[in-house]
Structure formats: C-alpha cells, structure tokens
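Down below is the structure, laid out as structure tokens.
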Amino acid sequence: CVEVSDLDIVQFSSAIYYAEEAEGLVLVDVMRLGSLEELVSVRWETLDGSAKAGVLYESASGIVVFQPGENFKTIEIRLIQNPAWAPTLEFSIKLSRQDNCDLGHSLHTARVKIINADLFPTNKYAQLIKEGADGIDKIPQFNLLVEFIKMNLEIPGVVRKTVLSLVLDQMANLYFYFSLNVTMYITDVLFAENPTSVSFLPGLRTSLFVPGDREMTAIWLGALYVLPMVPIHWWDYTSIAVDLKGTLRNSLRASLYRKYLNYTEDSRRVVQAADMQAALLEDVVEASQCYTYIVELLRILIRLFIVASFTLHKSPRSWWILVLMPSLMFCWVYLRGPMYLRACDAEGDGKLKIAKFIHTTCHSFNLISEYNQRPLMNELFEKELWAATREGRIPLQQIEMNNTYFTRWLGPFFVGLYIATAAKQVLDKALSVGQFLATIGILRGIASDFGDCYKVMMSLNVLVGPLRGLVNMFNMPIEVPKQKAADKVRRELSRQARSQVAGKTGVWAVDDCIPIKIVKMSFGFRSDHRFLSNLSLTIPQGSIVAVPETPGVKGRSTLLKLLGQRIFPTQGNIMVPTHLRVLHVAYQPMMVGAGLWQNIVLGATNSEAARVMDILSDLGMSQATSYLHDKQNWDSQDWQDTFSYSELALVHLARAFVMSPEVTVFQRPLAHFSSFETRSLVLNLIRDLSNNRGVRLPPETVHRRRPRTVFFTPEMDHEAQYADVIWELNADRTITVRKGRVRRSLT
C-alpha cells in the first residue's frame with residue numbers, strides 16, 4: 001500500500017533555464033501545485049556543474065515562502081561576465097528542506113545553461129570568423145596563434161603549469177652551461193702543466209678544487225658532474241604528472257564535444273561523424289601542441305641565450321657565427337615553409353579521404369554485400385591508398401628529408417669555419433685549447449638547438465591548419481540560442497495560461513487544465529517552401545494524438561519534431577506549459593556507449609529496478625529481462641552484439657516508458673515490429689502512459705502526477721483509431737481533426 005500525501009507540491013517551473021552571460025542575471029521560477037491553502041516554504045541552493053561559482057555565476061541560496069493563495073515565485077541568480085571564450089556551460093539549482101509541502105518528483109532540480117556569445121579563440125577577428133572557413137583562412141598564421149595562446153592561458157591551471165615548466169626546465173640549461181665549463185676546466189686546469197682558472201659562475205674563478213692534488217680534484221669534479229642529474233631526472237619524471245599537454249588536450253576535447261552536443265541539425269550535416277572523430281582524436285592533439293611548442297621554443301631560446309653568452313664571453317671574435325647561423329635558418333624557414341605546409345595539407349587531405357571512404361564503406365556494408373561489389377570496393381580503396389601515397393606521403397617525406405639535412409649541415413659547416421679561422425688564435429696563445437674545444441662543442445650545440453627551433457617553427461606552420469579547422473568547428477551554429485528564444489515565449493505564454501485557469505475548481509492542480517496549443521504556426525526548411533502553414537490547434541493535457549500517413553502529403557515527421565522541440569517554428573509557436581517535460585523519441589533505435597541498464601534508465605537514473613523490470617515484461621522483452629537478471633551484466637557493454645534488431649528497438653521505446661515524461665512524441669514506434677502481438681503491447685503501454693499518468697507508477701498517487709500527453713505516428717489506419725484525437729495532414733498544408741475510438745485494451 002502506498003502512503004498518499006495531501007500536501008501541496010513545490011517544484012521548478014521548467015527543467016532547464018537559459019541565460020546569456022552578458023545579461024548578468026538569470027530568473028528561475030518556482031511553482032506550487034495543489035490547494036494553495038497553507039503557508040509553505042522550501043530552501044534552494046546553486047550547485048556547480050560545468051559552470052563554476054565565482055567564475056561564471058555567483059553562488060547563492062535562500063528560502064522561498066509561499067503564502068496561502070500564492071503559486072509562483074521567482075529567484076534571481078547573478079551571472080559573472082567572463083571575457084574568455086567558453087562553450088555553453090551549466091550549473092544546477094536544487095530544492096530541499098521543504099516545510100509543509102512535498103517536492104516535485106522530477107523538477108526538484110533544474111539546470112541553468114549559460115550561453116557564451118564570444119568566439120573561439122577570441123573576438124579579435126570576429127568578422128572573419130563569422131564568414132566561416134574562407135574567412136578563417138584569411139587570418140594571418142602568427143596572429144591566429146597569438147589569439148589561441150591567449151585563450152589557452154585562460155584554462156584553469158595552464159598559467160601555473162607553464163611557469164613551473166619554464167622555470168624548472170632551466171635546470172637542464174644550467175647543467176649544459178656547467179658542462180661547457182667542465183670541458184674548459186679539464187683542459188686548462190686539471191690536465192694543464194701550468195693550471196690557470198675557470199669561472200664556473202660569472203665573477204668567480206676556480207683553480208684546482210683541492211690545491212696541489214689533481215686526483216682529489218678529479219674525484220670532486222666527477223661527483224659534481226653526476227649530482228645535477230638527480231634534480232633533472234626528478235623534474236622530468238614530475239613533469240609527466242604536471243601534464244601541461246594533457247590539460248590543454250582534455251580541455252579542448254571536452255569543449256569541442258560539449259559544443260557538438262549543442263550543434264544545430266544544419267551544423268551536424270556540415271560536420272559529419274568522420275570529421276568530428278578526426279577533430280577530437282587528431283586535430284585537438286595537434287592544435288594543443290601549438291601551445292606546448294611555443295613553450296618548447298621559449299625553453300630553446302633561453303638555452304641559446306646561455307650558450308651565446310658563453311661563446312661571446314670566451315671567444316668574442318665568433319660573434320659573426322652567432323649572427324649568420326640564425327639568419328640562414330630564418331631564410332630557409334621563409335623559403336621552405338609554404339612548400340612544407342602545402343605538402344602537409346596534401347597528406348592530411350589524403351588521410352581524410354581515406355577516413356571518409358572507410359566510414360562510408362562501414363555505413364554501406366549491407367548495400368555492398370547485397371550487390372556483390374566487394375571486389376569493386378577493394379579496388380577503389382587501393383586507388384585511394386596509392387593516391388594518398390603518391391600525392392601526399394612521398395612528397396612530404398622528401399621535403400622533410402631535405403629540411404632535416406639543412407639543420408644537419410649547419411653544425412659541420414660552422415664548426416669547420418671556426419676551426420679554420422680560430423686555430424691561429426690558439427697557436428698565438430690568444431685562445432686556450434680548452435676555450436677552443438669548448439667553443440666547438442658550443443657551436444655543435446647551437447646548431448642542434450637551431451635545428452630544434454627550425455623543427456618547432458615548421459611544426460607550428462603545419463599545426464595552424466588543424467587549428468583553423470577547429471576554429472571553424474568551435475564556431476558552428478548551436479541550437480541553444482533558439483531554445484532560449486523559444487523558452488522565453490513558452491514561459492510567457494505559460495504565465496498567461498496560468499492566470500486564465502487560476503481559481504478553477506474541481507481539480508487538484510489547476511495547471512493540469514492548461515491546454516497544449518499550436519498558435520498560428522508555420523514551418524519550412526526554405527523561406528519559399530513551407531510544409532505547414534498558419535496552423536492553430538488545441539489539445540487537452542492527457543490526450544493521445546495520432547498523426548497517420550496521408551498518401552502524397554509530406555510533413556508528419558517534421559510536425560512531430562516541432563512538437564518534440566527538436567526544431568522550431570518559422571512563425572508562430574507551440575505552447576507546451578514549461579513545467580511539462582517533453583521527450584522526442586526518434587524513429588531509429590539509438591543506444592549510448594554504456595551497459596543495458598544505463599541505456600534503459602537514461603532519462604530516469606533513479607528508477608526502481610522492480611518497476612523497470614515490470615515495464616520490460618509488459619513489452620515482452622524476455623531477452624532483456626533474462627540478461628538483467630544477473631546484476632553483473634548491468635554495466636557490461638557487450639550486450640548490443642547479442643540483441644536482435646527488434647529487441648534493440650524495444651529498448652529504445654522502453655527507456656521512454658521508464659522516463660514517462662509529461663509529453664512524449666513517438667516517431668513511428670510500431671514500424672520496427674511485424675508481430676501484431678508486439679505492436680499491441682506497445683500500444684497498450686502508450687495507453688497506460690496516458691491513463692495512469694505514467695507507466696507502472698502507483699495508481700494511488702495518480703491525482704498528484706501531471707497528465708501524460710502522447711503524440712505518435714501509426715503505421716496503419718486501425719492503429720490510429722486507438723487515439724483520442726487524429727490529426728490528418730492535408731495537401732493544402734492544413735490539418736483535419738477527428739476523434740478516435742474509445743480506447744480499449746488490445747488483445
């Protein structure tokens with residue numbers, strides 16, 4: 001027996017609220033359902049999600065008090081304007097500590113989505129970015145890198161990790177400086193007939209460590225040469241845990257993934273699955289390396305400054321080498337950079353073509369198999385592979401080889417010049433042998449460092465390509481602004497509707513009397529062609545509406561997408577009271593990459609196991625119930641390979657019945673089943689969803705639940721007759737409304 005409360009219910013008026021960061025404020029409505037006779041109160045508080053308090057919003061809490069007769073209150077939450085780019089982030093608001101009332105089952109928690117209008121990576125080139133890929137290509141490489149670096153510095157932890165890396169990386173540079181002096185010390189002090197002195201530190205000259213004892217001095221020198229490796233090894237090991245690269249990579253991946261989940265349908269058509277997969281797995285890695293390469297370039301430049309200072313101090317006449325070597329390198333970069341970039345683009349295009357070919361093959365496997373075209377596809381695939389090799393990989397490797405040899409030539413060339421020009425100074429005793437040998441070592445090191453600089457600069461040239469692609473993807477249109485605009489209208493219409501039913505008697509919650517309305521709605525994918533025109537319809541909450549197919553007339557799938565809020569009207573609006581959850585159940589069965597249990601309770605994670613199993617039994621899902629009987633299978637991700645297509649389709653429908661939202665829109669829920677029995681089971685649960693205000697929920701509390709409205713598209717005319725109302729689409733873009741039969745059990 002279920003204990004039934006007679007207290008009023010307090011909940012949020014919507015599951016999701018929207019606000020733009022620039023607005024500085026979000027208004028959240030709290031509503032009360034019931035008799036409205038008593039004074040009730042409830043506590044509220046904000047909770048961090050992807051949006052953090054103190055960064056994007058001000059943490060807040062308080063108490064909402066409803067006086068007798070009051071049914072609506074508004075909470076204000078302050079937003080913080082942050083100049084840095086971010087995807088759409090969100091935080092939660094939670095109701096608790098209710099006094100003299102109950103909390104809504106689903107709407108005791110709501111989410112607030114904060115829309116960031118800034119562009120990725122910054123707004124500096126906003127006009128060009130808004131032009132799309134062509135405009136982004138016009139942004140100078142260096143300028144785009146600068147803006148990308150600025151954006152990365154706003155990622156939490158990046159500045160600290162960057163400074164830490166730069167500072168502690170100098171241990172290796174200091175050790176290198178020390179090793180140069182050791183070379184001089186061994187030649188000019190330790191083994192010299194007349195020991196002189198060497199300055200390990202500026203202004204501090206050192207002769208034998210142990211006066212008169214070369215052997216002990218050698219022991220001390222050996223120890224000093226080894227000991228610095230301890231902190232160097234420690235830092236290299238610790239830097240793995242500091243993980244600057246991973247911080248950047250994960251932040252970009254999470255942001256792009258979050259952005260993609262908010263894409264409009266048009267954006268998803270432009271950015272196909274293969275493109276997004278390549279972006280998340282490859283382009284993000286390469287773009288994040290832009291920042292780490294800049295850090296690496298700074299480390300090399302500091303090292304070059306140290307060795308250049310040493311060279312000028314020990315051999316001032318070698319200044320011309322320090323000027324000529326980088327000059328040649330920059331000229332080479334300037335001349336070879338565009339060629340290298342074109343070769344990298346060609347190779348990248350070849351890889352992308354192969355990836356798309358593979359994706360298309362996997363998607364069209366049944367078609368290839370049915371028409372026996374495996375040999376043709378093998379031949380086409382081999383052509384793609386050889387084209388990518390001939391046009392991309394081989395030319396790139398040839399250019400890379402020549403580029404590598406340029407840096408390998410620098411060292412021997414300048415060392416040879418130095419030997420030829422500085423040997424006379426050694427013979428004239430103007431330069432010590434130690435200084436001469438140390439300088440040769442320095443020149444080799446400088447050549448190596450300049451080679452590293454060259455590789456970094458060429459890599460940055462290449463990585464700008466993936467970065468431009470990411471800039472385009474990050475700035476694709478998202479549907480959240482449209483959702484916000486629709487929600488604003490919906491909230492206003494809901495307020496007006498509540499005022500119209502206020503004071504109505506004979507019902508426990510007057511909000512249940514607010515009808516669902518289509519008001520002067522028109523829709524078309526193009527401005528010159530509309531599927532639906534100037535529709536106005538009203539349906540009471542709790543109705544079942546069937547939209548059968550009309551021969552020669554298109555648009556019923558589009559109509560259901562509009563009702564399910566997957567797309568939005570071109571003109572007019574659809575008024576569904578904001579406190580009603582709306583679920584659009586697509587035609588194609590879809591699963592997330594998780595276990596069977598997580599897939600079934602996706603929209604209602606706190607569902608009781610017994611209720612879920614009853615729903616599966618009601619649908620005749622013997623395979624699923626048997627599989628879930630062993631709890632060890634709940635989280636296993638291997639289940640999809642063992643389930644039949646029809647069983648997967650039932651899982652797809654079962655999760656909607658488990659969630660049992662107030663408005664459910666089913667796209668062709670019966671199309672996957674040839675069995676009359678299975679179709680009947682699905683129709684029975686649609687009926688129960690409406691009749692009982694939720695599937696397998698306690699009948700004792702039915703009056704305290706909101707009515708359940710169902711829209712569905714049947715496959716056959718007789719299936720439409722079990723609805724309360726039938727909407728028939730006409731060729732003139734209007735809808736004819738007629739009543740269905742009295743609902744009864746299907747057997």
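ASP99 accessible area, nearest 10 Å², 1.4 Å probe?
Per-residue accessible area (ASP99): approximately 90 Å².
Taking a temperature of 10 °C and a viscosity of 1.306 mPa s, what whole-number D in µm²/s does Stokes-Einstein yield for the stretch 172-241 with Rh from Kirkwood over alpha carbon pairs?
Result for D is 120 µm²/s.
About the Cα centre of the stretch 492-564, how large is the charge dipole given +1 on each Lys and Arg Cβ and -1 on each Asp and Glu Cβ? Please answer in debye to the nearest 20.
Dipole size: approximately 180 debye.
Count neighbours as other Cβ atoms within 10 Å of each site's Cβ, and list the chymotrypsin sites (Phe, Trp or Tyr not before Pro) in the stretch 479-576 that are DSSP loop with at most 15 such neighbours.
Details: sites: TRP508, PHE523, PHE525, PHE531; in loops: TRP508, PHE525, PHE531.
Sites meeting the loop and neighbour criteria: TRP508, PHE525.
Explain nothing, just compute: Karplus ³J(HN,Hα) = 6.51 cos²θ - 1.76 cosθ + 1.60, θ = phi - 60°, for every residue of the stretch 359-366 in order, whole Hz, x for Gly and Pro.
4, 5, 4, 4, 5, 9, 4, 4
Step through the residues of the stretch 435-446 one at a time and calculate ³J(HN,Hα) from phi using the Karplus curve (6.51 cos²θ - 1.76 cosθ + 1.60, θ = phi - 60°), rounding each to whole Hz and writing x for Gly and Pro.
5, 4, 5, 5, 5, 4, x, 5, 4, 4, x, 5
Roughly how tilted is helix 284-314, in degrees to the nearest 10 and between 0 and 90, from the longest Cα axis of the chain?
20 degrees
For the stretch 261-300, give the percent of accessible area contributed by carbon and sulfur heavy atoms, probe 1.4 Å, rounded to a whole number.
Working: 930 of 1760 Å².
Taking all protein chains in place, the stretch 261-300 shows 53 percent carbon and sulfur surface.
With every protein chain left in place, what is the accessible area per residue of the chain in square angstrom, probe 1.4 Å? List each step's numbers first, then the result.
On the way: 37410 Å² over 747 residues.
On a per-residue basis, the chain sits at 50 Å².
In terms of Cα to Cα distance under 22 Å, which lysines are near enough to LYS424, apart from those fewer than 8 places away along the same chain?
Here the lysines satisfying the reach criterion relative to LYS424 are LYS314.
Using Cα centres only, tell me the gap between the stretch 595-626 and the stretch 345-422 in whole Å.
What the calculation gives is 49 Å, centre to centre.
List the lysines whose Cα sits under 17 Å from the Cα of LYS259, skipping any in the same chain fewer than 8 residues away.
Candidates past the 8-residue exclusion: LYS113, LYS130, LYS482, LYS484.
Using only Cα atoms and rounding to the nearest 10 degrees, what angle (0 to 90) does helix 645-659 make with the longest principal axis of the chain?
With rounding to tens, the tilt is 80 degrees.
Test of understanding: what is the full-extension gain from LEU281 to SER617, defined as 0.36 nm times their sequence separation minus their Cα-Cα distance?
That works out to 116.9 nm of additional length.
Calculate, for THR360 and ALA671, the FRET efficiency according to 1/(1 + (r/R0)^6) with r their C-beta to C-beta distance and R0 25 Å; round to the nearest 0.05.
With R0 = 25 Å, the Cβ-Cβ based efficiency is 0.50.
So for the stretch 419-479, taking the charge dipole from beta-carbon charges (+1 Lys/Arg, -1 Asp/Glu), which of ASN475, GLY451, GLN435 sits furthest toward the positive end?
Most positive-ward Cα: GLN435.
Just for the chain, what percent of DSSP beta bridges are antiparallel, to the closest 5?
Percentage antiparallel, nearest 5: 70.
Give me the percent of the accessible area of the stretch 392-504 that comes from carbon and sulfur atoms, probe 1.4 Å, all protein chains in place. Show your work: numbers first, answer last.
Details: 3200 of 5270 Å².
Using a 1.4 Å probe with all protein chains present, the stretch 392-504 comes out at 61 percent carbon and sulfur.
Straight-line reach only, C-alpha to C-alpha below 23 angstrom: list the lysines that LYS351 could link to, leaving out same-chain residues fewer than 8 apart.
Within the straight-line cut-off, LYS351 pairs with LYS383, LYS455.
With each pseudo-label sitting 7 Å past Cα toward Cβ, what's the ASN402-MET229 distance in nm, one decimal?
Computed distance between label sites ASN402 and MET229 equals 4.1 nm.
Tell me which trypsin sites (Lys or Arg not before Pro) from the stretch 106-149 have a DSSP coil assignment and no more than 13 other beta carbons within 10 Å of their own.
Hits after loop and neighbour filter: LYS138.
Can you give the helix-only mean residue ellipticity at 222 nm for the chain, where every DSSP H stretch with n ≥ 4 adds -39500 (n - 2.57) and the sum goes over all residues, rounded to the nearest 500 deg cm²/dmol?
Dividing the helical sum by the residues of the chain leaves -16000 deg cm²/dmol.
Given 37 °C and 0.692 mPa s, compute D for the stretch 270-325 with the Stokes-Einstein relation, Rh being the Kirkwood radius over Cα pairs; round to the nearest whole µm²/s. Present the calculation step by step, with values, prior to reporting the outcome.
Values: Rh = 14.4 Å.
In µm²/s, the coefficient is 227.
What is the magnitude of the charge dipole of the stretch 80-165 about its Cα centre, with +1 placed on the Cβ of each Lys and Arg, -1 on the Cβ of each Asp and Glu, and no other charges, expressed in debye to the nearest 20?
260 debye
Can you grab the distance from the C-alpha centre of the stretch 434-459 to the C-alpha centre of the stretch 702-718, Å, no decimals?
After rounding, the separation between the Cα centres reads 76 Å.
Ranking request for peptides 556-565, 424-433: highest mean number of other beta-carbon atoms within 10 Å first, then the rest in descending order. Don't jump to the answer; show the numbers that get you there.
Values: 556-565: 20.6, 424-433: 12.4.
Result, highest mean first: 556-565, 424-433.
Which of ALA609, SER674, PHE568 sits closest to the plus end of the dipole of the stretch 545-693, meaning its Cα is farthest towards the positive end, when Lys and Arg get +1 and Asp and Glu get -1 on the C-beta?
Comparing the listed Cα positions along the dipole, PHE568 ranks first.
How large is the Kirkwood hydrodynamic radius of the chain, in angstrom, based on all distinct alpha carbon pairs?
Kirkwood radius, the chain: 31.9 Å.
With θ set to phi - 60°, apply the Karplus curve 6.51 cos²θ - 1.76 cosθ + 1.60 along the stretch 55-65 and write out the HN-Hα couplings as whole Hz, x wherever there is a Gly or Pro.
Whole-Hz 3J(HN,Hα) from phi for the stretch 55-65: 10, 10, 8, 8, 4, 8, 7, x, 10, 9, 10.
With a 10 Å radius around each residue's Cβ, average the other Cβ atoms per peptide and rank 84-94, 592-602, highest first.
Result, highest mean first: 84-94, 592-602.
If you take the C-alpha gyration tensor of the stretch 381-486, multiply each eigenvalue by 5 and take the square root, what semi-axes do you get, largest first, in whole Å?
That gives 51, 23, 7 Å for the three semi-axes.
Hey, what D do you get for the stretch 462-566 in µm²/s if you plug the Kirkwood alpha-carbon radius into Stokes-Einstein at 20 °C and 1.002 mPa s?
Values: Rh = 17.6 Å.
In µm²/s, the coefficient rounds to 122.
May I ask for the Kirkwood hydrodynamic radius of the stretch 173-324, worked out over all distinct Cα pairs and given in angstroms to one decimal?
On the way: mean 1/r = 0.0495 Å⁻¹.
Taking the inverse mean of 1/r over all distinct Cα pairs, the stretch 173-324 comes out at 20.2 Å.
Treating the angle as unsigned and between 0 and 90°, give the value, to the nearest 10°, between the Cα long axis of helix 609-618 and the longest Cα principal axis of the chain.
With both axes taken from Cα atoms, the answer is about 60 degrees.
Taking H as built 1.01 Å from N, whose amide H comes closer than 5 Å to the amide H of TYR18, not counting residues under 5 places away?
HN-HN under 5 Å from TYR18: LYS113.
Which is farthest toward the positive dipole end of the stretch 209-309 among GLY222, VAL284, ALA254, measuring Cα position about the Cα centre, with Cβ charges +1 (Lys, Arg) and -1 (Asp, Glu)?
ALA254
How would you order 268-277, 438-447 from highest to lowest mean count of nearby Cβ atoms within 10 Å?
Details: 268-277: 14.5, 438-447: 21.9.
Highest-to-lowest ranking by the protection proxy: 438-447, 268-277.
The values are calculated or read from the model by the stated rules, or taken from the named source; none is laboratory data. Please read these numbers as outputs of a predicted model, since none were measured by experiment. Counting neighbours? That spans all protein chains shown, and the Cβs are built from the backbone with ideal geometry, glycine included. Each accessible area value is taken on the protein alone, full model and side chains, heavy atoms only, with ligands, DNA and RNA left out. Shrake-Rupley method; radii C 1.70, N 1.55, O 1.52, S 1.80 Å.
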